Structure formats: C-alpha cells, structure tokens
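First comes the structure, then the notes that go with it.
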Amino acid sequence: MPDPVASDVAVTWLGAAGCALYFRHAWSGREGSAAARTAAFLFGVLAVLLALRGVYWLHDDPVLARLVFCAATLLPLAVTLFVEHVLRRHHPLWLKALALGVTAAFFLANLVAPLAANAALLEVFLAGLVVVLIGNGWELVRRGETDLAANERRRARALVVAALAAAPLVATDFRETLGFPPLRLGALGALLLCFVLLHFSSSGGVLAGLALRLGAVLAAGGALAAAFALTNHGFGGAAAWATLWTLPVALGWVLLTVVFLAIRRVETETARASFLRWLLHARLDSLEGFLSSLRRLPFARDHVTLRAADLAPYRVDGLLALAHDRREPLSLPEARAWLGGGDPARVEAAEQLVDLFERHGMTHALFVAEDPPAVVLLNLPPGPEAALAEVRAGVIQRLARRLLRG
C-alpha cells in the first residue's frame, strides 16, 4: 500500500506551485488593478500555506505548525477582499467586520497559544472561517442574480461552481478528525480555483465549456495515473488499486500543467499587446513627435532616422521607387534577392539599399516621407516573432505617411 503521507505532500506541493504561479501572474498586474492585488494576496497566502503544510506533514514540528496557522488565519480576510473585488460591490459591513475580526483575533491567538495544539480554539477558528466562506458564497449568489452585468454574472457563477467543487476536497484535509478518506485532497481545490479563473478569462466563463474542460482534465489525470500504475504493476487488480492511489497526484500534475500553460498564454498575449499600448500613448500631433515616440517601443528603440542630408550619397528617387505604394517595410533579405534580377534600375536601387542597411547595421527600412525624404531604419531580429514585427513596422510606416499628409 502506498504511503498516504507521501501522496498528501505531493498533492499539497503541486497545489502550492499552482498558487505560486497564479500569485506571480496576479502580482504582475497589481499596479493597474485593485482586483489583481487582492488576487495576489489570496494566492500568495494559499501558496505559503500549502508549501509550509507539506513540510509540516513531513516534520511534525511545533514551529512549523504555528507558521502554517499564521498563514491559515489570513484566509478569512484574503477571501473576503478577493470576492468583494470580483463583484466590484461592497460587502455588508457585518461580513467585512467578521472577516477582519476572525483573522486578527486568531492570528494573535496563534502567536500566544498555537492553534495546532489547542483543539477547542482550532474548532472555533474553523467555525468562523466556515461562516466567512458561506457569507462570501452567499454574496456571490445574491449579487450574481440581481446586481451584476451578464459577464460579471457568469464569472460569479463560475466561482460558485468552483467553490462547491472544492468544498468536499478541502474537507478531506481533516481526515484525522473525520476518519476518512485515506488521502488529503484540499490542494486540488486551490488548483481548481486557479483553473476556473484562468478558464473564465480565456473563454468568457461559459459553464458548459468549463464542465467539458474539467472532464478533459479528469480523463487526462486518470490516463496518467493508469499509465504509471501499469508501468509499475502490469495488468491486474494491483494496477487498478494503484491507479486509484495515484489519481490525486496525477490530477494535481495535470491541473498544474494546465494552469502553467494558461498563464503562459495570457502572458504571451499581454506581451504582444505592448505595441497597442505604445500606439495608445504615441504622439500623433506631428511626424516629428510620432518618430520621437519610437524610443519607447522595444523593437524600435535603437532606430535610425535618415534625412535628406544623410541620403545625399544615394539615388533617393530609385529608393523611393522601390518603396512606392508598399505597406510593408523594405528588408535586407528582400534587397539582396533583387540583386540577381534583370531590371537594371531595380538592381541599382537594391545595391544602394543593401549598402544603406550594412552601413548602419539595420535590417528594415520605413520610407515615411518623400519630399523632403525621410527613412527610418530598424533592426528587427529573426525568429518566430519576425513576421509580427514586420507587420508592426508596416503600421508605423503607414501612420507616419498619414501624419505627413495631414
């Protein structure tokens, strides 16, 4: 029979890793959003709680127990702040006072008389925590049916579903008191909350889609657990029993992987939106002002702007003929390809363009003005983002030409 404590610790640390990932994700957006700050607070508390609890289960140390409950006593306040900002409505004063009172009273009490060693005090704390959680759940249901817009209502319902699914999982963490089940699964509830929040942001929080994705996670976890059981035990009853014991860890791993990939996708989309953020704040009062704004754009920070005097050694009319009516910027590989063409005028212009690129160490040229001529040279690195960078450069060229025309 596998060691249940080992399974408990593995699941708990997987949950801690998932909460830490979500904490980092929320922390990165804290400057512009109070909701992000409260999410960072909640998932930071959960990450610390789960990480310390896993260590405590391995080493039954009184100092670790006190640290675990220091984190646990912050949960009433963290959950209340998080739900209040999700709803974007103030909670009733009694609920906020209760959450703050439970957190403050039992945080201080744990410093004086450790909750882990005082069963009566622990039971009172758990009762207070349950009341706070029920109060927050009731606010989600009540506000979700009356005061919220459609998108907010779907989000509230998704969180209610996550809370209902997580409640029995969290209850298993008290198996020593309840006498069952054999494994602690509370950390899966934290991972489930991360999953729901990320799924909602990516798909609009449609509950049917959420159920399908959870079913896919369950199937993937079952397949992973069965694969490891078959590897270690072969076919037979032993493999089936081992699959059940391995299933919590497999589900934790699958949920952690999905959370990581979802956060990675959101961060990638956010990074790609940096150009739109730059465009939102770029100067559009004049061509000079617009070009000066390029210093704040990462891929154009080191651009070079060439004026008529800089272009005097070149046949500007030939270069302008290459760029005429083009929306895309001219590139070094493209100019080199033209060198083998049959049109003498184009070959000559391509030679000058290659010289221009090599002289300044750049790869792309934006012809933003014709009379007097003005060219912006960029160095766009190769790689998966090269095509997207060229499209952005084309947008810059088109806007610059529009500004010049008034």
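Around the amide H of ALA374, modelled in the peptide plane, lie the amide H atoms of VAL368, ALA369, all under 5 Å away and 5 or more residues distant in sequence or on another chain. Diffusion of region 285-405 by Stokes-Einstein, at 20 °C in a medium of 1.002 mPa s and with Rh set to the Kirkwood radius over alpha-carbon pairs, works out to 148 µm²/s. Cα-based values for the chain, radius of gyration first and Dmax second, are 29.7, 93 Å.
Peptides 75-85, 111-121, 347-357, ordered by how many other C-beta atoms sit within 10 Å of their residues on average, highest first, read 75-85, 347-357, 111-121. From most to least packed by mean Cβ count within 10 Å, the peptides 286-296, 267-277, 220-230 give 220-230, 286-296, 267-277. Phi angles of region 288-296 translate, via the Karplus equation with coefficients 6.51, -1.76, 1.60 and θ = phi - 60°, into HN-Hα couplings of 4, x, 5, 5, 5, 5, 4, 5, 8 Hz per residue; Gly and Pro are given as x.
For a test of the definition: using alpha carbon positions, the gyration tensor, and the 1.5 limit on a/c, classify region 94-196 as rounded, prolate or oblate. Because a/c hits 1.5 or more and a/b fails to exceed b/c, region 94-196 counts as oblate. The local environment of GLN397, defined by Cβ-Cβ distances under 9 Å, has a net charge of +3 under the rule Lys, Arg +1 and Asp, Glu -1. Counted as membrane-span-like here are DSSP H helices of the chain whose alpha-carbon atoms extend 20 Å or more along the helix's own axis and whose Kyte-Doolittle mean is 1.0 or above; these are 34-58, 93-112, 119-146, 186-203, 207-233. With the charge dipole of the chain set up from +1 on Lys and Arg Cβ and -1 on Asp and Glu Cβ about the Cα centre, the Cα lying farthest toward the positive end among the listed residues TRP338, VAL112, GLY222 is that of VAL112. Here region 4-275 is assigned +1 on the Cβ of each Lys and Arg and -1 on the Cβ of each Asp and Glu. Its dipole about the Cα centre then comes out at about 700 debye. Tally Lys/Arg at +1 and Asp/Glu at -1 over every other residue whose Cβ is under 14 Å from the Cβ of ARG301; what's the total? Taking every other residue near ARG301 into account, the sum is +2.
Summing Lys and Arg as +1 and Asp and Glu as -1 over all other residues whose Cβ lies under 14 Å from the Cβ of VAL258 gives a net charge of +3. Once backbone amide H atoms are built at 1.01 Å from N, THR363 has LEU378, ASN379, LEU380 as its partners under 5 Å, excluding neighbours fewer than 5 places away on the same chain.
Every number here is computed from the coordinates shown, using simple stated rules; none is lab data. Bear in mind that the values here come from a model prediction, so they are computed numbers and not experimental data. Glycine gets a Cβ as well: all are built from the backbone with ideal geometry, and neighbour counts include every protein chain shown.
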